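As structure tokens, the structure follows; a few thoughts come after it.
The values are calculated or read from the model by the stated rules, or taken from the named source; none is laboratory data. Predicted model only: the values in this text are computed from it and were never measured. As a convention, Cβ positions derive from the backbone with ideal geometry for all residues, glycine included, and neighbour counts pool all protein chains shown. Just the protein is used for accessible areas: all its heavy atoms, side chains included, with ligands, DNA and RNA removed. Shrake-Rupley method; radii C 1.70, N 1.55, O 1.52, S 1.80 Å.
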Amino acid sequence: TVTSLSPGDTSVMAGLYGPAEAKVSKELPDRAALEVLLRPKVGLPGVLERSREQLLRQTCEAVVLGVLHPRTAISLVLQVLSDAGSLLSCCLNAACMALLDAGLPLATLFCGVTCALQPDGTILLDPSSRQEQEARAILTFAIASSERKVLMATTKGSCSVEEMQQCLAAAQRAADTIFQFYRDSVRRRYSKS
Amino acid sequence: MAAEHGTAAEALVGQVVLPGDLLLLPAHYDEDAEGERLRLSAGAAPQGRLLCGPGLRRSGAGLLVTKCGLLRHRPAGGGAYWVDSQQKRYVPVKGDHVIGIVTAKAGDVFRLDVGGSEPASLSYLAFEGATKRNRPNVQVGDLIYGQFVVANKDMEPEMVCIDSSGKSSGMGIIGQDGFLFKVSLGLIRKLLAPKCEIIQELSQLYPFELVLGMNGRIWVKAKTVQQTLIIVNILEACEYMTAEQRKQALAKLSGN
């Protein structure tokens, strides 16, 4: 299945294939082998894409019930269509919707929220590219839908522990809006049949 | 959100549920109650086992939803809950009747592609009236309609073309010509429901042969190629059309 997601002007298309046959070298005997490929808008994938792929893969592995499909491969391909800031959280949201749409068994849903910590200490959610450049630190969180637990946190820049806690609290509140969006989209889809 | 700390399962029947939602069951389904309770009266005895269907997993207090879709309930036989979800990828389930494509002949077994993560195996003896001397005439690329006898996550799926009494009951090699195409699993379940409107309306249009595989594959054969393709297009479009649009499309075709 293919789904695309765009907060503001950032847009990512996600395609999920699986559970499919895995190559013998990559198959795991007790779980599904999850693979994420992130393709930038221009150029070849570089080190930044590779590190983001690993973050996405670890987040998805935490929610997908891979033990139900051993020796299979699940491939998630993300194509960046446009980038106007908050790219990683857009990729996280697209990944979750792709997993949901494909009918893979999940323990919980997740969403991505980016916070920018400005030099004067204010917190901005879903910053644009300009705000990201001017910020002191950019924090991205993957928040699970069950009890708003944190699945993944990554920081670029420096911030104090209290500031990080405040950003996390703001992100957890913002996650409610995203989960409600997931619920509304699924409702719309099943109301047609 | 609505079902974070658990909502009663009955309240959500027929509504959309998302992975992570916790469904609470009525107390009398809980067989391992805490502490010991002597059941002297027959009043509150559990009425049989609750079946936890696709899309649900038992977890502690209740059922955890693992797929998004509509929650369904069947009260018969102790009760069953399951999630009706839309998906295109098939996962083999024991007892399902599917259409497989023969991809290889390896000694005594045929390898069939059923659309899952592994090819299924089919022994040459699993046809009606087949013996070691009387082998079935199966070539690579043939279509086979059979059912799974072994299908779990740990083993390679195995198919047979006979039922438990040794009769073929409609299973076996699907004949020449016809058209094979793939649709979503939800549409197949809709078409397999008793007294399906779509099939009844189509049968009034042209006579045709139809084989539905639970793996999302449909084989159609009508008298001419054009009629076959018309039926294929209508079945593919049925996923997105409402009943009204479908009736209009069929009226236009039968008018021509």
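You will find that of A:Ala135, A:Ala102, the residue that is over 30 Å from A:Tyr17 (Cα atoms), touching a strand residue (DSSP E or B) at 6+ places or on another chain (Cβ under 8 Å) and small (Gly, Ala, Ser) is A:Ala135 and no other. Of the residues making up region A:24-54, those that are surrounded by 15 or more Cβ atoms within 10 Å (Cβ to Cβ) and assigned to a helix (DSSP H, G or I) number 3.
Take the conditions farther than 20 Å from A:Cys90 by Cα, surrounded by 16 or more Cβ atoms within 10 Å (Cβ to Cβ) and at pLDDT 90 or above and apply them to A:Glu21. Does it pass? No: the conditions fail for A:Glu21.
Among the residues of region B:81-115, the ones that are of a type in the set (Gly, Ala, Ser) and at pLDDT 90 or above come to 4 in all. Summed over region B:176-211, residues that are over 16 Å from B:Gln87 (Cα atoms), without any contact (Cβ under 8 Å) to a residue 40 or more places away in the chain and open to solvent by less than 30 Å² (accessible area, probe 1.4 Å) total 1. Looking at region B:173-256, the helices (runs of 4 or more DSSP H) lying wholly inside it that each contain 1 or more residues that are acidic (Asp, Glu) and more than 29 Å from B:Gly129 (Cβ to Cβ) sit at B:197-205, B:225-237, B:243-255. Here A:Ser128 fulfils each of the conditions (1) within 23 Å of B:Cys68 (Cβ to Cβ); (2) touching a residue at least 60 places away in the same chain (Cβ under 8 Å) apart from (1). Taken over region B:87-102, the criterion of being open to solvent by less than 50 Å² (accessible area, probe 1.4 Å) and either within 14 Å of chain A (Cβ to nearest Cβ) or under 9 Å from the mean Cα position of the chain (by Cα) (or both) is satisfied by B:Gln87, B:Tyr90, B:Pro92, B:Asp96, B:Val98.
Does B:Val114 fit the bill of being within 14 Å of chain A (Cβ to nearest Cβ), touching a strand residue (DSSP E or B) at 6+ places or on another chain (Cβ under 8 Å) and crowded, with 19+ Cβ neighbours inside 10 Å? When the stated conditions are applied, B:Val114 passes them.
Filtered by the rule that a residue be of a type outside the set (Gly, Ala, Ser), within 14 Å of chain B (Cβ to nearest Cβ) and either under 19 Å from A:Ser146 (Cα atoms) or touching a Leu at 6+ places or on another chain (Cβ under 8 Å) (or both), region A:64-92 gives A:Val64, A:Leu65, A:Pro70, A:Arg71, A:Ile74, A:Leu76.
Of everything in region A:104-120 that's more than 14 Å from chain B (Cβ to nearest Cβ) and not in a strand (DSSP E or B), which residue is farthest from the chain's Cα centre (by Cα)? The selected residue is A:Asp120. Condition (residue is within 23 Å of B:Ile188 (Cβ to Cβ) and within 14 Å of chain A (Cβ to nearest Cβ)) applied to region B:129-146: is it met by at least one residue? Looking through region B:129-146, none of the residues is within 23 Å of B:Ile188 (Cβ to Cβ) and within 14 Å of chain A (Cβ to nearest Cβ).
Selection over region A:94-103 of residues that are over 23 Å from B:Leu22 (Cβ atoms) and either at the interface with chain B (Cβ under 7 Å from one of its Cβ atoms) or out of contact with any Ser or Thr (no Cβ under 8 Å at 6 or more places or on another chain) (or both) gives a count of 0. When residues in region B:63-80 are screened for being at pLDDT below 90 and crowded, with 21+ Cβ neighbours inside 10 Å, 1 of them pass. Any residue in region B:34-49 that is at pLDDT 60 or above, open to solvent by 90 Å² or more (accessible area, probe 1.4 Å) and more than 14 Å from chain A (Cβ to nearest Cβ)? Within region B:34-49 (the criterion being at pLDDT 60 or above, open to solvent by 90 Å² or more (accessible area, probe 1.4 Å) and more than 14 Å from chain A (Cβ to nearest Cβ)), the answer is yes, since at least one residue qualifies. When A:Tyr190 is tested against the conditions (1) away from chain B (no Cβ under 14 Å); (2) over 29 Å from A:Leu37 (Cβ atoms), the lone failure is (1).
Among the listed residues B:Gly216, B:Gly146, B:Gly166, which satisfies the condition of being modelled with pLDDT of 90 or more, farther than 19 Å from B:Lys88 by Cα and open to solvent by less than 50 Å² (accessible area, probe 1.4 Å)?
That would be B:Gly146, the only listed residue that is modelled with pLDDT of 90 or more, farther than 19 Å from B:Lys88 by Cα and open to solvent by less than 50 Å² (accessible area, probe 1.4 Å).
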